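For reference, the structure is listed below as structure tokens.
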Amino acid sequence: MSLYLGLDLSTQQLKGIVVDSDLNQVEIANVEFEVDLPQYKTVKGVYANPKTKEVQAPVVMWLDALDLLFQRLKAKKSFDFARIRGISGACQQHGSVFWNAQAPAALANLTKGSSLCSQLKESFAWDVSPNWQDASTAKECAQFEAAVGGAEQLATITGSKAHRRFTGPQILRVQHQLPEVYAATDRVSLVSSFVASVLAGAYIDIDESDACGMNLWDISKKEFVPKILALFGDTAKIAKIVGHINQDGKTPVARINPYFVQTYGFSPECAIVPFTGDNPGTILSLPLKPNDVIVSLGTSTTALVVTHNYAPSSLYHMFAHPVVPSAYMGMLCYCNGSLARERVRDEVNGETTSKTWDKFNAIAESYISSGKTLALDEHKIGFYFPLNEIIPTVDACQVRLTWDTTTGDAKVSSKSDKFTDVKEDVIGILESQALSIRYRLDGMLTSANHRPRRVYYVGGASQNPTICAALSRVLVPSAGSYRVADMKDACAMGAAAKAVFGCNDESGTSWEEFLEKRMPDDRFNRVDGELDLTKDLYGQAAVDLFVRSEKESFGL
Ligand code: XUL
């Protein structure tokens, strides 16, 4: 039986999931950087310098992690590397690795007997990789936006406005701050193409979906943005070190390097299927159809949508789909999520130190069954940002608006940091979080009714069915909402699925058909409860009130 390996190199760990061709999990192993590789002295996988806002990871630590992961898999009884037919990966986005001119020969000549780290440690122009949490590039971000006429224009071209963590501004900062590193750089890999390059023993091109996290790639024209390359002065050098962007996420790009055959017993035929970023990898873990949305309810809130509509905005991100050439992935990344809901929960629990959701849920449920909405029946909208928010970009704040709709033109009758009754915050926070997603998803959806098809809830709060139901009442997915029980391995699983798809030439089988066949619906629990999703209680009127409230509160 052939097996496939999906790797996930995230901030804190490297994980590997081995599956069969039906995507049944056969083996799993992981390496936690801080715990398993303490010699690097990272905290949660990184070195952070609050003064400079730099956050970096030591590159050779990832090489040790790869060897250790394979040793751990090898130690498992009866695990046979020779059965692995293909490997793909989904890695933290935006991070970059700066190789020097020794790298091609060092990669090509890897041999059994000493570790990856000892054979490759001299192959880097910079020994660290700027991480997605790095915020040191404010100056370079301003240059990126100015080069094309502003944030909105940059978003239109590259799918996102300039973000400090994005790889283009990060490379430009290296050129500014560390010119000797830039001069010595032969190639820049993203974390995804770095791992693929090590496994292949040669530079592997950056995958297009992951390239959309660089602010360098013109998504529609499928080329680098000349005005942005010009910021680097020598445009031939920057184009050379970033290399070709691979627009085919499916077809294997290499066979595994002999080092892994000799050291661990991989088959020399084992194929390397293009690696991608962790968010694109996550959408590969569910049988998503166009207009399906994943809402991740963790510390932060993330919404991922698959769409054929390229509708960029400076408020969110659009990426090329990692497998389907005509599709895109839209991504909303909020800073506030669980913490904000927990604050309201603690308020309604009052004096008690109990962390139970019973009261919060009971209030939300009675509101839901009343058939009313806080936005349209009470004309109230609240914003709950205990952390600085990026959608919209505002500092931490709490605002509650009450609108007077008795006159033709609605006016704010009260603006305060509290509603009269704390119970209103329960429904207020859920409506507000969901209305923001609904408003911003709208431009990306292609459904005639402007509604998502399905919503899949993942992450911590997806275990609370009341929260899912209250959000769905606003998002009104036309084909229902679902909870996915165990999504902690989602991006490794998405990568494993990509490896299976890439290695099996099921001519004519689309990505959707491939995944649907392997992931029957009984894997997912419906979380609509008693909701009647044929009714859109909120409609455009609630969205309009929400938008006016954002304008009123934040001057947007
Ligand atoms: C996405 C982002 C993070 C990293 C985390 O833009 O910065 O989700 O990909 O691994």
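The values are calculated or read from the model by the stated rules, or taken from the named source; none is laboratory data. Fair warning: this is a prediction, and the values are worked out from it, not measured in the lab. Ideal geometry is used to build each Cβ from the backbone, glycine not excepted, and the neighbour counts take in all protein chains shown.
Here are a few things to note about the model shown:
- With respect to being free of Cβ contacts under 8 Å to residues at least 60 places away in the same chain, closer than 30 Å to residue 221 by Cα, surrounded by 22 or more Cβ atoms within 10 Å (Cβ to Cβ) and within 16 Å of the ligand (Cβ to nearest atom), residue 331 fits the description.
- Extreme residue, farthest from residue 276 (Cα to Cα), among residues of region 1-52 that are away from the ligand (no atom under 15 Å from the Cβ) and among the basic types (Lys, Arg): 51
- Which listed residue is assigned to a helix (DSSP H, G or I), of a type outside the set (Val, Ile, Thr) and touching a residue at least 60 places away in the same chain (Cβ under 8 Å), from 202, 155: 155
- Within region 35-66, the residues that satisfy the criterion of being more than 22 Å from the chain's Cα centre (by Cα) and surrounded by fewer than 19 Cβ atoms within 10 Å (Cβ to Cβ) are 35, 36, 38, 39, 40, 41, 49, 50, 51, 52.
- Selection count, region 468-504, where residues are over 22 Å from the mean Cα position of the chain (by Cα) and either within 19 Å of residue 304 (Cα to Cα) or part of a helix (DSSP H, G or I) (or both): 9
- Single residue of 462, 507 found to be assigned to a helix (DSSP H, G or I) and hydroxyl-bearing (Ser, Thr, Tyr): 462
- Subset of region 23-79 that is within 17 Å of residue 264 (Cβ to Cβ) and among the basic types (Lys, Arg) - its residue that is modelled with the highest pLDDT: 72
- Looking at 367, 384, 439, just one residue is touching a helix residue (DSSP H, G or I) at 6+ places or on another chain (Cβ under 6 Å), of a type in the set (Phe, Trp, Tyr) and within 15 Å of residue 545 (Cβ to Cβ), and that residue is 439.
- All of 482, 457 fail the test of being buried (at least 21 other Cβ atoms within 10 Å of the Cβ) and free of Cβ contacts under 8 Å to residues at least 60 places away in the same chain, apart from 482.
- From 336, 257, 279, 309, residue being away from the ligand (no atom under 16 Å from the Cβ), in contact with a strand residue (DSSP E or B) (Cβ under 8 Å, 6 or more places away or on another chain) and not acidic (Asp, Glu): 309
- Any hit, region 390-397, residues being polar (S, T, N, Q) and closer than 30 Å to residue 160 by Cα: yes
- The residue of region 249-274 that is farthest from the chain's Cα centre (by Cα), among those that are surrounded by fewer than 17 Cβ atoms within 10 Å (Cβ to Cβ) and in contact (Cβ under 8 Å) with a residue 40 or more places away in the chain, is 262.
- The residues on offer are 490, 470, and the sole one that is at pLDDT 95 or above, aliphatic (A, V, I, L, M) and touching a helix residue (DSSP H, G or I) at 6+ places or on another chain (Cβ under 6 Å) is 470.
- Residue selected from region 118-137 under the condition within 15 Å of residue 185 (Cβ to Cβ) and part of a loop (DSSP other than H, G, I, E, B), by the criterion farthest from the ligand (Cβ to nearest atom): 122
- Selected residue (only one of 209, 160, 220 is within 24 Å of residue 326 (Cβ to Cβ), assigned to a loop (DSSP other than H, G, I, E, B), in contact with a Pro (Cβ under 8 Å, 6 or more places away or on another chain) and in contact (Cβ under 8 Å) with a residue 12 or more places away in the chain): 160
- Condition met for residue 546 (closer than 30 Å to residue 20 by Cα, in a helix (DSSP H, G or I) and at pLDDT 95 or above): no
- Residues in region 314-328 that are within 15 Å of the ligand (Cβ to nearest atom) and assigned to a loop (DSSP other than H, G, I, E, B): 314, 315, 316, 322.
- Region 200-222, subset under 30 Å from residue 266 (Cβ atoms) and charged (D, E, K, R), residue surrounded by the fewest Cβ atoms within 10 Å (Cβ to Cβ): 205
- For residue 390, the requirement of being within 24 Å of residue 214 (Cβ to Cβ) and at pLDDT below 95 is met.
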